[in-house]
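A short reminder: the numbers here are calculations on the coordinates, not readings from a lab. In this text, all values refer to a predicted model and were calculated from it rather than measured experimentally. Heads up, the Cβs are rebuilt from the backbone with ideal geometry, glycines too, and the neighbour counts pull from every protein chain shown.
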Amino acid sequence: MDKNMAMDAEQAREHLEMVDRILRQADERPYRPMGGLYVAWGLGAALVEIAGQFASGGPPAGPLAIAGSIILFGSLLYTVAVSVLARRNASRIPASEVRMGKVMGAVWLCIFVAALCQPHMFASWAAAAIWNLGAAISMLVIGFFGDRRALFGAIALLASVLVANYWFVYPGFVLAGGFLVGYVAIGVLYMIQNARSAACE
Amino acid sequence: MNELLLSKIRLSVIAELLGSEWVAFSELQRATQTTNGNLGAHLAKLVDADYIAEEKSFVNRRPQTRYSLTRTGRDAFVRHVREMQSLLEQGNAS
C-alpha cells in the first residue's frame, strides 16, 4: 500500500506540528556561557590597562602589568582546558554554540594579530583599545543571539572606547572600567545564573 | 513518504539532532521520553539507514554514546517535511 495514501492531511498536520514543537524547544534552550572565563579575562585585561595608565601611555610596567599578564596567560590556559573538558563532558553540543564559537575564534584571531602589530600599526592606547573592541564584538555576537546581559556588556565596552577617546584624561582607567563592567560584571552574572540553574536541576 | 520518518520517536530524534552538532543517548532519551530499549531500536534503524552517525566514547570512565545527523539524514528530513506540507496543502485544497 502506498504510504501517501496511508497518511491523510490531518496526520500530516500533526506530524508537522510535532516537528515545529521539537525545533522550538531546541531553540529555547538557554545559552550558558562559562562566567569564570569572562571574569578572568576581564580582570587580566583591566589590570594591564590600569598598569598602562600608571605608565602614562607607555609600555605597561610594574607589578600590575605583571599580575595582569599572568592572569591573561592563566586565562588562556584555563579557557583551553575548560573548553576541552566541557566539550568532553557535555551531553549535547547545540549547533548555534558551534557557530558562535567559530565567530569568536575569528574575532580573537584578528585581535591577536592586531596586538602583534605594535608599535607601528596600533601605537600607544590603540593597542589597549583593540582588546576592548574585540571584547565588545564577542559580547555583541552573544547579544545578537538573544542574551541581553551580553548586549549591555558590549555597550559598556564600546562606551569605554568612545569615552577614552573624547575624554582623554585617564584613557587606561576608562578602558579598564569597560572591561570591569562589560566582562567581569557580566561574567559574575553568568556564574550566578549557572549556579541557580545547577541548584534547580 | 519516507517510512522511516513516520515514527514519532525517529522523527523526534532527527529533529533533536537537527539543532545540535551531536547529542548523547541520555539526552535523546530525555527528549523523546521513551525507554532505553525502545530508543535503542529506533536509533539502530536510523544508523542502518545512514541518517545518523553513532560515536562511542568514555566520559569519566563511563561509556557514552553520541549521535549526530548525517547529510543523508538532513536531506531525508527536509524532503519528508516538504512532502508532508504538500500533503497538507492537497488536503486543504480538496
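Taking the Cα centre of the protein assembly as shown as origin and assigning +1 to Lys and Arg Cβ atoms and -1 to Asp and Glu Cβ atoms, the resulting dipole is close to 680 debye. Note on B:Glu55 and B:Asn36: the model spin-label points, each 7 Å out from Cα along the C-beta direction, lie 2.4 nm apart.
In this calculation the C-beta distance from B:Arg74 to A:Phe54 is compared with R0 = 41 Å, giving a FRET efficiency of 0.15. Counting only DSSP beta bridges whose two residues both lie in region B:46-94, roughly 100 percent are antiparallel. Any idea which of B:Ala76, B:Gln64, B:Gln90 is furthest toward the positive side of the dipole for chain B, if Lys and Arg beta-carbons carry +1 and Asp and Glu beta-carbons -1? The one lying farthest along the dipole's positive direction is B:Gln64.
Positive end of the dipole of the protein assembly as shown (Cβ unit charges, origin at the Cα centre): among A:Val103, A:Asn165, A:Ser124, the Cα lying farthest that way belongs to A:Ser124. The mean number of Cβ atoms from other chains found within 10 Å of a Cβ in peptide A:92-105 is 3, as a whole number. Relative contact order for region A:62-149: 24 percent, from Cα pairs under 8 Å spaced at least 6 residues apart, divided by residue count. Taken one residue at a time, the phi angles of region A:185-192 give Karplus couplings (6.51, -1.76, 1.60, θ = phi - 60°) of 4, 5, x, 5, 4, 4, 5, 5 Hz. Gly and Pro are set to x. Dividing the summed helix terms, -39500 (n - 2.57) for each DSSP H run of n ≥ 4, by the number of residues in chain B produces a 222 nm estimate of -19000 deg cm²/dmol to the nearest 500. Note on A:Leu116 and A:Asp8: the extension gain reaches 32.5 nm, defined as 0.36 nm multiplied by sequence separation minus the Cα-Cα distance. Here the convex hull built on the C-alpha positions of region B:3-93 has a volume of 98 cubic angstrom per residue.
Taken about its Cα centre, region A:33-200 carries a charge dipole of roughly 540 debye when the Cβ of each Lys and Arg holds +1 and the Cβ of each Asp and Glu holds -1. Simple point charges give the picture: +1 on the Cβ of Lys and Arg, -1 on the Cβ of Asp and Glu, and for chain B a dipole about the Cα centre of about 320 debye.
Shape call for region A:97-179 from the C-alpha gyration tensor, a ≥ b ≥ c root eigenvalues: rounded (a/c under 1.5), prolate (a/b greater than b/c) or oblate?
Taking the square roots of the gyration eigenvalues as a ≥ b ≥ c, region A:97-179 is oblate.
With both labels modelled 7 Å from their Cα along Cα-to-Cβ, the B:Gln29 to A:Ser197 distance reads 2.3 nm. Its relative contact order, with pairs defined as Cα atoms under 8 Å and 6+ residues apart, puts chain B at 32 percent. Each residue of region A:172-183 is assigned a 3J(HN,Hα), and the resulting list reads x, 5, 5, 5, 5, x, x, 5, 5, 7, x, 10 Hz, derived from the Karplus form 6.51 cos²θ - 1.76 cosθ + 1.60 (θ = phi - 60°), x at Gly and Pro. One quarter of the convex hull surface built on the alpha carbon atoms of chain A amounts to 15.8 nm², the projected area averaged over directions.
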